[in-house]
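Enquirer: I am attaching a structure below and will ask some questions about it afterwards.
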Amino acid sequence: MRHNLLECAFVDAIEWFKKTDTVIVPVGSCEKHGAHVPLGTDSFT
């Protein structure tokens with residue numbers, strides 16, 4: 001299953017990380033703006 005973290009809310013991403021052994025190598029900035037806002041908010045605006 002593939003996920004685009006930029007489209008996931010922070011709380012959804014945390015739940016997904018608890019279920020997988022995936023390693024993420026960041027190549028840009030990504031920050032939490034709130035539990036309900038996608039992590040890619042800065043990329044979209």
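Read-outs throughout are calculated quantities, based only on the coordinates presented, and are distinct from any laboratory measurement. What you are looking at is a predicted structure, and each value in this text was computed from that prediction instead of being measured. Note: ideal-geometry Cβ built from the backbone for every residue, glycine included; neighbour counts use all protein chains shown.
Enquirer: Going by how many other beta carbons lie within 10 Å of each one, how would you line up ASP42, ASP12, fewest first?
Expert: Arranged by neighbour count, lowest to highest, ASP42, ASP12 become ASP42, ASP12.
Enquirer: I'd like the Karplus ³J(HN,Hα) series for the stretch 12-17: coefficients 6.51, -1.76, 1.60, θ = phi - 60°, whole numbers in Hz, and an x wherever there's a Gly or Pro.
Expert: Working through the residues one at a time gives 5, 5, 4, 4, 5, 4 Hz.
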